[in-house]
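Here is the structure we will look at.
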Amino acid sequence: MDRLPPLNAVKAFEVAARMGSFVLAAAELGVSAAAVSQQVRHLEQFLERKLFVRAGNRITLTDAGHAIFPQTSRALNDIAAMTTRILEGDLHSRRLVISLPFSLAEPWLAPKLSALLEVYPHLAIDIRVEDDPVDLVRHDIDIRVSYGDYHYPGLEAVHLVRDEALPVCTPEFWATHGNDTFNLTQIPQNLFIHTHWGASYASGPTWHDWFSLIASNYYPDPKQGVRCGLSSLSVSLARLGLGIALGHRLIAQADLDAGRLIALSPVSLPLGHPYCAFVPAAKKSRKDINLMMGLLR
């Protein structure tokens, strides 16, 4: 067999030539621009030809680059098509790896999986519950769902939904502690459940934010009542009758629909960031991933 150039270098060249930029190529490949440039230099050394004219951050193809780019692009597309045919014909041996925060796993993701399994009944699914940031490449993650679009700057952030928070409690709790006008300013401060998002987040909704939204100067003291570190746990505590939670709708909706919880106000507080999905560029053509992404939107 004739000598073959290093595949990683060929791929780096093809993406850089197609995008016209090492920076944009790096974003698609999920590596640094310096790594792309280094791979291109390896290919240039292998071929003993200059493939790009470099002028600061700008690159243009040389005659040699123009000569090999079309064939390189076709060859990589053929390899990708062959890989897709093999993988799509053997779905039962593949695992779809979905990574997301704890709060979304049961109330939001689980109901969506049934639709996917109707299409791919033999598909193995690995659900990983973990906080950001996550190394998608090292841990072979197919889809990462995160709060916010800023965790993985090298990947496209697909906006899924912007959640909202609203006051919820059980009907029994309100019958005991509430009032006919649903006036939360008359509720003792120790009956409010507070969610502490942790030091890494400054945009989590608080009771102070919600009461400010309704132009009230009544602010429940977070030092009183129950305080927890998970938005899903605050809804669970409210479901158990332990107080009034500022529940996220994505988490509380099933309980609201079933009557286990009631909304105490039509006023809801939008979260500071949307939930977003990230898929490594090399996996975007997989049918199971694309179907799952469609279900998540």
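The values are calculated or read from the model by the stated rules, or taken from the named source; none is laboratory data. Remember, predicted model here, so these are calculated numbers, not experimental data. FYI the Cβ positions are ideal-geometry reconstructions off the backbone, even for glycines, and counts take in every protein chain you see.
Within the stretch 145-175, restricting attention to residues that are in contact with a Leu (Cβ under 6 Å, 6 or more places away or on another chain) and under 12 Å from Phe278 (Cβ atoms), which residue is surrounded by the fewest Cβ atoms within 10 Å (Cβ to Cβ)?
Here the answer is Leu160.
Taking only pairs six or more apart or across chains, which ones have beta-carbon atoms under 8 Å, a first residue in the stretch 50-71 that is in the same structural domain as Gln38 (by TED's automatic domain parsing) and basic (Lys, Arg), and a second residue that is at pLDDT 90 or above and in a loop (DSSP other than H, G, I, E, B)?
Taking only residues 6 or more apart or on different chains, the pairs are Lys50/Thr62; Arg58/Ser21.
Can you tell me which residue is farthest from Val137 (Cα to Cα) among those in the stretch 94-110 that are in a helix (DSSP H, G or I) and touching a residue at least 24 places away in the same chain (Cβ under 8 Å)?
Pro107
Check the stretch 184-202 and report whether any residue there is surrounded by 15 or more Cβ atoms within 10 Å (Cβ to Cβ) and at positive phi.
Taking every residue of the stretch 184-202 in turn, none turns out to be surrounded by 15 or more Cβ atoms within 10 Å (Cβ to Cβ) and at positive phi.
Does any residue in the stretch 149-176 that is free of Cβ contacts under 8 Å to residues at least 40 places away in the same chain come within less than 8 Å, Cβ to Cβ, of a residue that is among the aromatic types (Phe, Trp, Tyr) six or more places away or on a different chain, and which pairs are these?
So the pair list comes out empty.
Name every residue in the stretch 123-143 that is part of a loop (DSSP other than H, G, I, E, B) and either farther than 14 Å from Leu113 by Cβ or among the basic types (Lys, Arg) (or both), in order of residue number.
Hits for the stretch 123-143 are Glu130, Asp131, Asp132, Pro133, Val134, Asp135, Leu136, Val137, Arg138, His139, Asp140, Ile141.
Quickly run through the stretch 238-297 and pick out the residues that are among the β-branched types (Val, Ile, Thr) and either under 27 Å from the mean Cα position of the chain (by Cα) or at pLDDT below 95 (or both).
The answer is Ile251, Val267, Val279, Ile289.
Residues that are farther than 30 Å from Arg138 by Cβ and among the small types (Gly, Ala, Ser): list the helices (runs of 4 or more DSSP H) wholly contained in the stretch 195-297 that include at least 2 such residues.
Of the helices (runs of 4 or more DSSP H) lying wholly inside the stretch 195-297, those with at least 2 residues that are farther than 30 Å from Arg138 by Cβ and among the small types (Gly, Ala, Ser) span 231-239, 249-258.
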